1. Using the alpha-carbon atoms, what tilt in degrees (0 to 90, nearest 10) does helix 81-99 show relative to the longest principal axis of the chain?
2. Measure nothing fancy, just the Cα-based angle from helix 175-187's long axis to the longest principal axis of the chain, in degrees from 0 to 90, nearest 10.
3. Could you give me the ³J(HN,Hα) list for segment 45-62, computed from phi with Karplus coefficients 6.51, -1.76, 1.60 and θ = phi - 60°, whole Hz, x at Gly and Pro?
4. Are there GluC sites (Glu not before Pro) in segment 1-86 that DSSP puts in a loop and that have at most 15 other Cβ atoms within 10 Å, and which ones?
5. Could you give the distance between the Cα centres of segment 203-240 and segment 1-62, to the whole Å?
6. For Rg/Rh (Cα atoms, Kirkwood Rh), several values are listed as (i) 1.01; (ii) 0.95; (iii) 1.27; flag the one computed from this structure.
7. Between residue 111 and residue 217, what is 0.36 nm times their sequence separation minus the Cα-Cα distance? Round to one decimal in nm.
8. Less than 17 Å apart at the alpha-carbon level, and either on another chain or at least 8 residues along: which lysines does that give for residue 238?
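Nothing in this text is a laboratory measurement; each read-out follows from the coordinates by a stated rule. Fair warning: this is a prediction, and the values are worked out from it, not measured in the lab. Neighbour counts run over all protein chains shown; Cβ positions are idealised from the backbone, glycine included.
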Amino acid sequence: MAPIALLLALLLTGFVRGAESEWSLRICCYLLAASVLYLSYPLSREDFVNSSYFAVCISVYYLVFNFLVSGREMLEYFFLIPTALFILPILFVTIHMKYREPAALFRKDAQWCCAEEDSRTVYSAIVLLMVILTLVLSGKNASPSVFCILAFVLFVLDVVLHYKAYTGYTMMIGHKKERRIQTIMITNGHGPNLYPEIEEDILQKSYSRVEQVMREKKPFLKEKFTLEEMSDILRINKVYISRSVNKYTGKNFRQFVNWHRVLYAAEVMRDDPWLRVLEVAFMSGFHSQVTFNLAFRMFLNETPSDMLARLRLTAHRRKVSRNVEEEAPDTEAPSSQDGRK
């Protein structure tokens, strides 16, 4: 909805600004601005937060200069040329995502990720060509009717980009083929939710594999163990890992990791109750004693210090009991000899 909101805000600020002329060219600029936001919509392997920062920055830029500039030349310098420049980082991110990690090209969802990235590249090239065409027509002082036709073409392009972002389809290889690719990905533990009954089985298998890794390899002992690292270990989409953990434990991934750390810490303390709290915290993967205390109390309803005190008291009582049992035969021996005498 961000591109639609930007488009409406640009129209509103342009109306408030009271620009009497160049409205057909302005509408073309506004539609191109919306296209840039559509192109920045995050793909499967991208961080949504970074895309949001980019979208907010360019939206603020367009709104500020739309209120300040007027005239055809100003629109060229402050709208069309920056729009062309805004597309360049989008293309850079697309290429970087595709080739930053060779192993990603051999993942089971690589086919779909490549289709998404190729689709964005094609549409970025189309929008860039439309920006250049608008610049050329503006430089030649084309009539408003020409810009009205161009605005209609840009509106159609924005509708296609909106549908692409809303549905998740690439709009390049056909719906049936895309559904087939996504179905294959689902059966391998990747992709969007097309069939709930298949996804339920995938989530269960994903959680079983996550638990197996946590039990056998104990990756949580690493201080900064992340969801991305678990995804790389299992070669499963991090969305499925997060959803499976949340479904079967009611925790997010960070809480899930801390839960395993706390259970491991409790086991360590039972083995050696004479350890210090800070030593147990570092041994269990926590980066500070404060975090360890908070997590321990949240999951086991007592502090590590209380548990250590209780375990030490139990260990001391057992030691005293063993000493009493060892000394008992020695005290009974003289009485038996006296009886025989």
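1. Taking Cα atoms only, the helix is inclined about 40 degrees.
2. Once rounded, one gets 10 degrees.
3. Computed from phi, the couplings for segment 45-62 are 9, 9, 8, 5, 5, 4, 5, 5, 4, 4, 5, 5, 5, 6, 5, 4, 4, 4 Hz.
4. Answer by residue number: 20.
5. Cα centroid to Cα centroid, the span is 39 Å.
6. (iii)
7. Working: separation 106, 0.36 × 106 = 38.16 nm, distance 3.01 nm.
Result for the pair: 35.2 nm of gain on full extension.
8. Residue 238 reaches 108, 205, 224, 247, 251.
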